[in-house]
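S.K.: Next up is a structure, given as structure tokens.
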Amino acid sequence: MWIDKHLSPLLLFLALFALVTLVVPVQAVLIVEDVLVNDSSIYLLTGNTWHFYQGYNLSIKGVNQEADSVWFELSLGDKILKSQILDEGDSFTYQKNNRTIFNITINTIYAGDGEELVAFAPVFQYMDGDLPAPIIRDDEIDEEQNSSLVDNVSIGTNWIEGFTLVTALPVSIIAAALISMLGKKGN
């Protein structure tokens, strides 16, 4: 008697909820606010430039092999924003309006036959609110960035078609409530 009374509205609710989740596709995405480059590595030869989002550029001007130091410049377009000499292991931070835009660590300086290579890791770039937001194509995001920005469910791997967090959570709660109520009635 109790089951007939409460199960019908519950089944109706589940059927309506299932229809809504099929009609309205919802994707649970972890959004990392204003992070453009997240814990990446970059490698530059002396004289080369790395082009970041929003028009920022990082150029290697020179390497002092004896001191394991590197001279580099950060620019926005043609305007030099900061020029600095740092040692291996040092971090470089660029702030604008009390907000960090870049946080870069000089990981390793390699020197060889007339060429020097500088490895920067980790590298972080944050959104500059004074500049237009960049358009980031899907193919620009590598696997490392995918795993750090978005969980596997939201990028479409290792999941059951049509079974999302929006569906799983209410179904699990309702099933647990039913089991609990049926268990109490059986005693």
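S.K.: Working carefully through the options LYS96, LYS82, find the one that is of a type in the set (Lys, Arg) and over 13 Å from ASP128 (Cβ atoms). Show your work before the answer.
M.R.: Details: LYS96 fails: over 13 Å from ASP128 (Cβ atoms).
Going through LYS96, LYS82 in turn, the sole match is LYS82.
S.K.: Among the residues of the stretch 66-78, is any exposed (fewer than 12 other Cβ atoms within 10 Å of the Cβ), modelled with pLDDT of 65 or more and within 16 Å of ASN107 (Cα to Cα)? Talk me through it step by step, then tell me what you get.
M.R.: The initial filter retains those residues of the stretch 66-78 that are exposed (fewer than 12 other Cβ atoms within 10 Å of the Cβ), namely 66-67, 77-78.
If we keep only those that are modelled with pLDDT of 65 or more too, we end up with 66-67, 77-78.
Next cut, within 16 Å of ASN107 (Cα to Cα) only: 67.
Yes.
Yes/no matrix, rows are residues, columns are (1) free of Cβ contacts under 8 Å to residues at least 12 places away in the same chain; (2) under 17 Å from THR49 (Cβ atoms):
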residue	(1), (2)
ALA67	no, no
VAL70	no, yes
LYS79	yes, yes
SER91	no, no
THR100	no, no
ALA111	no, no
GLU116	no, yes
PHE124	no, no
GLY129	no, no
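S.K.: Tell me which residues, restricted to the stretch 79-124, are open to solvent by less than 50 Å² (accessible area, probe 1.4 Å), under 13 Å from ASN64 (Cα atoms) and among the hydroxyl-bearing types (Ser, Thr, Tyr).
M.R.: THR108 - this is the single residue of the stretch 79-124 that is open to solvent by less than 50 Å² (accessible area, probe 1.4 Å), under 13 Å from ASN64 (Cα atoms) and among the hydroxyl-bearing types (Ser, Thr, Tyr).
S.K.: A further question follows. Going by the structure shown, is GLU115 at pLDDT below 95 and touching a Ser or Thr at 6+ places or on another chain (Cβ under 8 Å)? Break it down into steps so the answer makes sense when it comes.
M.R.: Values: at pLDDT below 95: yes; touching a Ser or Thr at 6+ places or on another chain (Cβ under 8 Å): yes.
The answer is yes for GLU115.
S.K.: Considering every residue within the stretch 45-53, establish whether at least one is part of a strand (DSSP E or B), aliphatic (A, V, I, L, M) and open to solvent by less than 60 Å² (accessible area, probe 1.4 Å).
M.R.: Going through the stretch 45-53, the residues part of a strand (DSSP E or B) turn out to be 45, 49-51.
Of the ones still in play, those that are also aliphatic (A, V, I, L, M) are 45.
From the residues that got through so far, the ones that are open to solvent by less than 60 Å² (accessible area, probe 1.4 Å) too are none.
Scanning the stretch 45-53 turns up no residue that is part of a strand (DSSP E or B), aliphatic (A, V, I, L, M) and open to solvent by less than 60 Å² (accessible area, probe 1.4 Å).
S.K.: Which of the residues spanning the stretch 31-44 are under 18 Å from ASN107 (Cα atoms) and loosely packed, with under 15 Cβ neighbours inside 10 Å?
M.R.: Step one: of the stretch 31-44, the residues under 18 Å from ASN107 (Cα atoms) are 37-44.
Answer for the stretch 31-44, where residues must be under 18 Å from ASN107 (Cα atoms) and loosely packed, with under 15 Cβ neighbours inside 10 Å: ASP39, SER41, TYR43.
The values are calculated or read from the model by the stated rules, or taken from the named source; none is laboratory data. Because the structure is a prediction, the values reported are computed rather than measured. Reconstructed Cβ throughout: ideal geometry from the backbone, glycine too, with neighbour counts over all protein chains shown. Accessible surface areas use protein heavy atoms only, side chains included; no ligands, DNA or RNA. Shrake-Rupley method; radii C 1.70, N 1.55, O 1.52, S 1.80 Å.
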